[in-house]
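Q: Okay, handing you the structure first.
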Amino acid sequence: MHVIYFPWMHPEGAPHAAGMGVSFLDPGLGGSRQAECLWVPEDLPLDRRQASRYVQEALSFGEQFQDYKDLEYVRAAGLNDFFSGTSSSLSDELERRLREHSGERDNPEEERKRRGQMVLLLHWMWEDKLLEVQSGERKYREVMSELRENLGMEESENSDGYGSRDLSGGLAGQDPSRWSGLMPWFLLFLPADGILYIEDEAIQEELRENGMEPVPWSQLSGYEELGRFVRERGVNCEPSVCEGWRLALKDRPDPEMPWLNREYALLLRKG
């Protein structure tokens, strides 16, 4: 059984979940940073070298965001908007990359996996930038707090101009496209025994509005290992089983994404 966090791919984005044994999807970059928390799909079409090169080339589009304060734009914009105003849009870049492998385009399944991995890699990069913002803001607050203490000034909640904002909301917030566009590709690579672990209340609410319903533990069969996982950790969760197209906030099955027609298991954190 693999309990995989959604939507964060970086364990640093949800360290409490990493501490309780939840895995985080690695889109193929690897690395030793909290490697024990990472789960790498076996059928990724791009190897580590190719994935790293793709991310580095994509990052070149965002060079104007070197100052972490400029990345406020990233927080306010969706993933596509991160690449707007550049010589190539996100979709154009993906299509160009797919054309580079034109010899393999006869295989629709491989093409879907390649596209999915590219989307995951780009979102991984976006997360990395959000964490960079978070780290920069934290350091700034620490310096300003120390300065105020040395000057004998009183601490106030928003005295540093930032307050105590939580960047994790940047993956959900009020724009569902930030995570619903990611959901199909998570599901594409999810193993047969994979279960998505979702804590974000805003995401859970939107899923409920699109037809996802929690299932009482007493009515759930075939998930005894998941029940033990929850009891051993003492967390308050409820399970659900739902069609993939509903999880991607679609209103009907999508013929271009046939893997969304089957049901997937979820573990929803409460409170």
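Q: Of the residues that sit in segment 244-260 and are among the charged types (D, E, K, R) and more than 21 Å from the chain's Cα centre (by Cα), which one is farthest from Tyr197 (Cα to Cα)?
A: In this case the residue turns out to be Glu256.
Q: Can you pull out every residue in segment 1-56 that is touching a residue at least 24 places away in the same chain (Cβ under 8 Å), within 22 Å of Tyr223 (Cβ to Cβ) and hydroxyl-bearing (Ser, Thr, Tyr)?
A: Matches in segment 1-56: Tyr5 only.
Q: Now a separate question. Do you know which residues across segment 222-243 are more than 22 Å from the chain's Cα centre (by Cα), farther than 19 Å from Gly271 by Cα and free of Cβ contacts under 8 Å to residues at least 40 places away in the same chain?
A: Of everything in segment 222-243, those that are more than 22 Å from the chain's Cα centre (by Cα), farther than 19 Å from Gly271 by Cα and free of Cβ contacts under 8 Å to residues at least 40 places away in the same chain turn out to be Gly222, Glu224, Arg228.
Q: Identify all residues within segment 190-217 that are over 21 Å from His2 (Cα atoms) and free of Cβ contacts under 8 Å to residues at least 24 places away in the same chain; write none if there are none.
A: Glu201, Glu205, Arg208, Glu209
Q: Right, next: Which strands (runs of 3 or more DSSP E) does segment 170-271 wholly contain that include 1 or more residues that are over 17 Å from Ser23 (Cβ atoms) and touching a strand residue (DSSP E or B) at 6+ places or on another chain (Cβ under 9 Å)?
A: The strands (runs of 3 or more DSSP E) meeting that bar are 237-243, 263-269.
Q: Only residues that are assigned to a loop (DSSP other than H, G, I, E, B) and in contact with a Pro (Cβ under 7 Å, 6 or more places away or on another chain): list them for segment 22-43, please.
A: Within segment 22-43, just Gln34 meets the criteria.
Coordinate-derived values only; no laboratory data. Nothing here was measured: the structure is a model prediction, and the numbers come from that model. A quick note on method: Cβ atoms are made from the backbone with ideal geometry, for glycine too, and the neighbour counts reach across all protein chains shown.
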